[in-house]
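What follows is a set of notes on a single structure, which appears directly below.
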């Protein structure tokens, strides 16, 4: 089974009333963990690569690993660019074989964000690549992108309605109170805003910065129309914490496989838990 666009996965999620997990991958072990969890849970899954991951691993390696994972997983797998910020970068990913891209024009004015997104849509739609966009700024840090609390602002529902009507995007990432990275306290999501946005846009909503959001809040967001949920920080924590523990317990260990292998299994466990929380387990 080859890579599929997220629009296919989100259409099924909409019909079933669940969300698809979008998990960021930074190395081979995490790619393997995402595929293993999806296969074990019989769930569709989205592998995401951020600008930082592409810079670290190389776009050719990311695409090749995702293709191998998709061919072996026996469940639908999408490869998605997370937070692409330029038309050029999006095109590089499309040419490399990504099945889905995100164009993040949230730092621009509404009109400029619409124009950039329409440019990406015109290039992606004819080749079957789905497009996610963002309206409103999500706080925190995502690799090379940092948004201060003072600069983060929530998505305006009326602007969201106009944005989707003019661009025709497949999914919209919104700012309703989540943030990238580790939370300093418990996040409070604006569910009334989410419900209003959903009623005006009528397309799948994406929740970024979902690591650390309580399960009850996740379930309510799904009930209100969130169909793609991004997880990165929680995977990093599970993976690196396990590596630290193995090295602490075995200070003389020099075999990377004996350090990274258990970390991979920790990531599988974490991702499997998220898949079950999102309601996508057993959907394939």
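The values are calculated or read from the model by the stated rules, or taken from the named source; none is laboratory data. Small disclaimer: the values here were computed from a predicted structure and weren't measured. Glycine also receives a Cβ, built like all others from the backbone with ideal geometry; neighbour counts cover every protein chain displayed.
See the values below:
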| read-out | value |
| --- | --- |
| Verdict on residue 131 being in a strand (DSSP E or B), farther than 21 Å from residue 193 by Cα and at pLDDT 95 or above | yes |
| Residue in region 152-164 that is at pLDDT 95 or above, assigned to a strand (DSSP E or B) and in contact with a helix residue (DSSP H, G or I) (Cβ under 7 Å, 6 or more places away or on another chain) present | no |
| Members of region 59-85 that are modelled with pLDDT under 95 and surrounded by fewer than 16 Cβ atoms within 10 Å (Cβ to Cβ) | 71, 72, 74 |
| Members of region 265-282 that are out of contact with any strand residue (DSSP E or B) (no Cβ under 9 Å at 6 or more places or on another chain) and outside any helix (DSSP H, G or I) | 279, 281, 282 |
| Any hit, region 245-264, residues being closer than 22 Å to residue 53 by Cα, part of a helix (DSSP H, G or I) and touching a strand residue (DSSP E or B) at 6+ places or on another chain (Cβ under 7 Å) | no |
| Number of the condition not met by residue 21 [criteria: (1) on the phi < 0 side of the Ramachandran plot; (2) touching a helix residue (DSSP H, G or I) at 6+ places or on another chain (Cβ under 8 Å); (3) touching a residue at least 40 places away in the same chain (Cβ under 8 Å); (4) surrounded by fewer than 24 Cβ atoms within 10 Å (Cβ to Cβ)] | (4) |
| Single match in 120, 90, 101 (criterion: modelled with pLDDT of 95 or more, within 17 Å of the chain's Cα centre (by Cα) and part of a helix (DSSP H, G or I)) | 90 |
| Criterion (within 16 Å of residue 230 (Cβ to Cβ) and either touching a helix residue (DSSP H, G or I) at 6+ places or on another chain (Cβ under 7 Å) or in a strand (DSSP E or B) (or both)) met by exactly one of 36, 53 | 53 |
| Residue match in region 213-222 (condition: in a loop (DSSP other than H, G, I, E, B) and surrounded by 18 or more Cβ atoms within 10 Å (Cβ to Cβ)) | yes |
| Residues (in a helix (DSSP H, G or I) and surrounded by 17 or more Cβ atoms within 10 Å (Cβ to Cβ)) located in region 231-242 | 233, 234, 235, 236, 238, 239, 242 |
| Failed criterion for residue 71 (all others in (1) touching a residue at least 60 places away in the same chain (Cβ under 8 Å); (2) more than 17 Å from the chain's Cα centre (by Cα); (3) closer than 26 Å to residue 218 by Cα hold) | (3) |
